[in-house]
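Structure first, then comments.
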Amino acid sequence: MATDLHELLRSLRVWDPEVTRLPPFDTEAAPTTPLELFTEWFAAVVAAGQSEPHTMSLATSDEAGLPDVRIVMLHGADEAGWSFASHAGSRKGRHLASRPYAALCFYWPVLGRQVRVRGTVSAAPSADAQGDLHARSTGALAAALTGRQSEVLGSVAELAQASQAAWERAAREPDTSVPSWTLYRLRAEEVEFFQGDEARRHVRLRYRRAEEGWTRELLWP
Ligand SMILES: Cc1cc2nc3c(=O)[nH]c(=O)nc-3n(C[C@H](O)[C@H](O)[C@H](O)COP(=O)(O)O)c2cc1C
């Protein structure tokens, strides 16, 4: 029998008390910068057992302004921005080359939290991208060496052959560079922290970059 999608949807819920704890969010006590709060919340969700908290949605737009979104890994967050890495020639790489703006979204269900980050994106110096890549696994280097991300693939066999060669090269030359591999840094203009609430009085705190420092404001849920 075919799966009834709508029946399945009706059977599901968010913030099941068996898996989710909704902590209070005292916005008055929030730090003055979003980076500090992001770091606090990140540590809290890791401690609460959130799986893959460092995966995030990355939204970009094409030349016509049409959006697209996909998951990437967070490589770091510091004064220079939120960073992630990819191929410059991929769809997202082409989007970022023509429109250097992006939005990130993290969802951490164990604590009912969402964080949204918007801002301008720039490519880090190539040496930083290569350093970041070489600090990762052989598999990460092999995947980067395989390349051609987002091009149309002729067959699964073609990928298997290219990937095999890339794994062998990654093992043989662990310091080899991958020129298209790019480390992107998103400089936040706006960061929103959302804390889910049982009574649906969700708390939303938005930081906006000001001439000096950040302004903070609450948003209706
Ligand atoms: C959990 C997870 C992590 C991923 N991490 C990355 C990443 O860090 N960099 C990347 O280029 N693609 C990553 N991908 C693949 C992207 O989601 C996407 O398929 C790919 O980058 C091509 O996107 P594009 O065609 O929009 O450029 C990841 C996918 C998943 C599911």
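Based on this model, can you work out whether residue 20 counts as surrounded by fewer than 18 Cβ atoms within 10 Å (Cβ to Cβ), modelled with pLDDT of 95 or more and part of a loop (DSSP other than H, G, I, E, B)?
So residue 20 does not fit the description; no.
Conditions: (1) in a strand (DSSP E or B); (2) surrounded by 13 or more Cβ atoms within 10 Å (Cβ to Cβ). Residue 197 meets all but one. Number of the miss?
All conditions are met except number (1).
Cβ-Cβ under 9 Å, sequence separation 6+ or interchain: first residue in the range 1-28 and closer than 19 Å to residue 40 by Cβ, partner among the small types (Gly, Ala, Ser) and assigned to a helix (DSSP H, G or I). Which pairs?
Final answer for the pair search is 23/44.
Report every pair of residues separated by at least 6 positions or lying on different chains whose Cβ atoms are under 7 Å apart, first residue within the range 31-43 and under 15 Å from residue 116 (Cα atoms), second of a type in the set (Ser, Thr, Tyr) and crowded, with 19+ Cβ neighbours inside 10 Å.
34/207
Please count how many residues of the range 76-86 are within 18 Å of residue 182 (Cα to Cα) and surrounded by fewer than 19 Cβ atoms within 10 Å (Cβ to Cβ).
The number of residues fulfilling the criteria is 3.
Before we move on, is residue 137 more than 13 Å from residue 58 (Cβ to Cβ), within 13 Å of the ligand (Cβ to nearest atom), polar (S, T, N, Q) and more than 13 Å from the chain's Cα centre (by Cα)?
yes
Looking only at the range 203-213, decide whether some residue is in contact with a Gly (Cβ under 6 Å, 6 or more places away or on another chain) and of a type in the set (A, V, I, L, M).
No: the range 203-213 contains no residue that is in contact with a Gly (Cβ under 6 Å, 6 or more places away or on another chain) and of a type in the set (A, V, I, L, M).
Give the range 87-104 a look and list any residue that's in contact with a strand residue (DSSP E or B) (Cβ under 6 Å, 6 or more places away or on another chain) and surrounded by 17 or more Cβ atoms within 10 Å (Cβ to Cβ), or say none.
Selection gives 88, 92, 93, 95, 96, 102, 103, 104.
Residues being on the phi < 0 side of the Ramachandran plot and surrounded by fewer than 17 Cβ atoms within 10 Å (Cβ to Cβ): count how many of those fall in the range 34-55.
11
Looking only at the range 123-180, how many residues end up being acidic (Asp, Glu) and surrounded by 14 or more Cβ atoms within 10 Å (Cβ to Cβ)?
2
Can you list the strands (runs of 3 or more DSSP E) lying wholly within the range 51-106 that have 2 or more residues being within 12 Å of the ligand (Cβ to nearest atom)?
55-61, 67-73, 81-87
The values are calculated or read from the model by the stated rules, or taken from the named source; none is laboratory data. Bear in mind the structure is a predicted one, so any value in this text is a computation, not a measurement. Ideal geometry is used to build each Cβ from the backbone, glycine not excepted, and the neighbour counts take in all protein chains shown.
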